[in-house]
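Written below as structure tokens is the structure these notes are about.
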Amino acid sequence: MSGREPTFFDVEWKVGKQRFLRVYIDRIAKPAAVMSDAAGTFLREDSGQGGAAEVVHDPYPKISHSDCERVSQQLSLILDVEDLIPGPGYVLEVSSPGLDRALKKAADFERFKGRLAKISTSEPVGEAKFFEGRLAGFADGKVRMELKGKEARTVEVPLEAIRKANLVVEF
């Protein structure tokens, strides 16, 4: 185990035939001067002692099945003891955000810089409401994205215009 406990990433509550509580957990990055390239290789900058940059562990360790199980047991106990979900039973599911995880905050777009993503907007940005390309970071309230196609270009999508954004799984 990395020594850092998972944190809550997102929560969904659905009521239908069953009441369903889905909790997504993730980890906060280790504080370090770390850079990553588009392939996800992580390097620590030269410490200034004559050595080259060294490869380090992913600053965002993955969520394991045992992490989900532990959080589920702890959360279930708290919800039941405190009677935070009154009424008949509910289903609790604890999960990682997944490979196609939602991107919600400015930090998400910076964290996954270089990764392929899909963004849809509530209003057209330029002439489009849908974008797919490589994340190029976040600045001045806008997500930068490099689009490929007939004419490669970079677009800037205002964060408040984004309806939905997800990573795209690449193999």
Residues in the range 111-125 that are surrounded by 14 or more Cβ atoms within 10 Å (Cβ to Cβ) and free of Cβ contacts under 8 Å to residues at least 60 places away in the same chain total 8
Quick check on the range 126-149: of everything there that is surrounded by 12 or more Cβ atoms within 10 Å (Cβ to Cβ) and among the acidic types (Asp, Glu), which residue is farthest from the chain's Cα centre (by Cα)?
Glu146
Name the single residue that is farthest from Pro97 (Cα to Cα) among those in the range 5-21 being touching a residue at least 60 places away in the same chain (Cβ under 8 Å) and among the hydrophobic types (A, V, I, L, M, F, W, C).
Phe20
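No value in this document is a laboratory result; all are computed from the given coordinates. Since this is a predicted model, take the numbers as computed values, not measurements. Counting neighbours? That spans all protein chains shown, and the Cβs are built from the backbone with ideal geometry, glycine included.
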